[in-house]
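The values are calculated or read from the model by the stated rules, or taken from the named source; none is laboratory data. Keep in mind it's a predicted model, so treat the numbers as computed, not measured. Because the Cβ atoms are built from the backbone with ideal geometry, glycine has one as well, and the counts that use them run over all protein chains shown. Ligands, DNA and RNA are stripped out before the accessible areas are found, and what is left, the full protein with its side chains, is counted by its heavy atoms. Shrake-Rupley method; radii C 1.70, N 1.55, O 1.52, S 1.80 Å.
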Amino acid sequence: MNILVTGGAGFIGSHLCDSLTAAGHNVTVVDNLVLGKVENISHLLDKDNFKFIEADILDTPVMEGVFREGKFDMVYHLAANSDIQKGGRDPLVDYTLTFNTTFAVLQLMKEHEVKKLFFASTSAIYGETSDCLTENYGPLQPVSNYGAGKLASEAFISAFSSTYGIQTWITRFPNVVGERFTHGVIFDFIKKLRANPAELEVLGNGEQCKPYVYVKDLIDGINFVIANSHDRFNVYNLGSDSRTKVKEIAAMVIEEMGLDAAIRYTGGDRGWVGDVPEFRYDLSKVNALGWSAPHDSNASVRLAIQKGLGK
């Protein structure tokens, strides 16, 4: 297929591009490089079936040309603000980069009659709850601007899918870890310990407990869902079937770095405003489809730490 990947130079997007090009698809990436990096896709630039365009999705004249030339069969839309704390400081970040980019892509798909869409969503749409989260859980009450932007995006995707006949796959990610990451707890811990090997500051009380999934396992899950679910509108949670506490991640990072650092907790049940300190995914729907993550949450975290340290 002729495929457009928005945000394809980013952490998850670049791994997706690896998979799509290896499968023989013609892949065009559009990325403004605010969060993405050319080095994430540098190994793909000389491939005949890969093309990179540095552009802003909200630049309508440029994107009109991209769609005219690309004649896309499918769009994988991953471009968004992925820094929840940054979005919390300024709500315009997620309104612009998470929601408006989605609406712009939908408008372009409608005008150019592209009939297949994959959308990268998030556990953040569910909000804060002690319930085990199923795909039809509700009411959905996100507590971060990032989650709100993704939920609003899902709503418009649903409407466009129904109104304009766009077959859609949405997967909701938990915390994704692995090589090429640019932020997140593991990234932050490694950075802090390199600056001060004697002490690690941990935001909150360390009891925050969430599922983590290794990025290459996630890509495998995305590909599996798209290949094996055939409704007009398909929604799946993706992730591992276990969880990891932040204090466990801190201990693993210290161990893998070979340090004897003290851990200092800032206190409170969460790291920042908009953080969801604990959630659990119900993966029975994707498990019934035939997919489960090869690595559990702890194994995903340890593997990501090792990759982050270049091991």
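Considering only residues in the stretch 167-193 that are farther than 17 Å from SER300 by Cβ and touching a residue at least 60 places away in the same chain (Cβ under 8 Å), the one that is surrounded by the most Cβ atoms within 10 Å (Cβ to Cβ) turns out to be ILE170.
Within the stretch 155-166, take every residue that is surrounded by fewer than 17 Cβ atoms within 10 Å (Cβ to Cβ) and touching a residue at least 24 places away in the same chain (Cβ under 8 Å) and give me the one that is nearest to TYR236 (Cα to Cα).
SER158
Here GLY178 meets the list (1) closer than 23 Å to LEU133 by Cα; (2) within 20 Å of the chain's Cα centre (by Cα) almost entirely, failing just condition (1).
Being of a type in the set (Val, Ile, Thr) and either open to solvent by 40 Å² or more (accessible area, probe 1.4 Å) or touching a strand residue (DSSP E or B) at 6+ places or on another chain (Cβ under 8 Å) (or both) is the filter here, so list the residues in the stretch 94-110 that pass it. Of everything in the stretch 94-110, those that are of a type in the set (Val, Ile, Thr) and either open to solvent by 40 Å² or more (accessible area, probe 1.4 Å) or touching a strand residue (DSSP E or B) at 6+ places or on another chain (Cβ under 8 Å) (or both) turn out to be THR96, THR101, THR102, VAL105.
Search the stretch 46-100 for residues being hydrophobic (A, V, I, L, M, F, W, C), assigned to a loop (DSSP other than H, G, I, E, B) and closer than 22 Å to ARG180 by Cβ, and hand back the single one that is nearest to the chain's Cα centre (by Cα). It comes out as LEU78.
Contact map, the stretch 221-236: first residue among the hydroxyl-bearing types (Ser, Thr, Tyr), second residue open to solvent by less than 30 Å² (accessible area, probe 1.4 Å), Cβ cut-off under 6 Å, separation 6 or more or different chains; pairs are TYR236/THR171; TYR236/VAL225; TYR236/VAL286.
Out of all the residues in the stretch 24-32, is one or more in contact (Cβ under 8 Å) with a residue 60 or more places away in the chain, over 19 Å from the mean Cα position of the chain (by Cα) and farther than 21 Å from PHE99 by Cβ? Working first, answer last.
Residues of the stretch 24-32 that are in contact (Cβ under 8 Å) with a residue 60 or more places away in the chain, as a first pass: none.
No: the stretch 24-32 contains no residue that is in contact (Cβ under 8 Å) with a residue 60 or more places away in the chain, over 19 Å from the mean Cα position of the chain (by Cα) and farther than 21 Å from PHE99 by Cβ.
All conditions in (1) in contact with a helix residue (DSSP H, G or I) (Cβ under 9 Å, 6 or more places away or on another chain); (2) within 22 Å of ALA124 (Cβ to Cβ); (3) among the polar types (S, T, N, Q); (4) open to solvent by 40 Å² or more (accessible area, probe 1.4 Å) hold for ASN223, with the sole exception of (2). The requirement of being touching a Gly at 6+ places or on another chain (Cβ under 8 Å) and of a type in the set (D, E, K, R) is not satisfied by LYS191. Among the residues of the stretch 266-294 satisfying the criterion of being in contact with a helix residue (DSSP H, G or I) (Cβ under 8 Å, 6 or more places away or on another chain) and open to solvent by 60 Å² or more (accessible area, probe 1.4 Å), which is nearest to ILE170 (Cα to Cα)? This residue is SER292.
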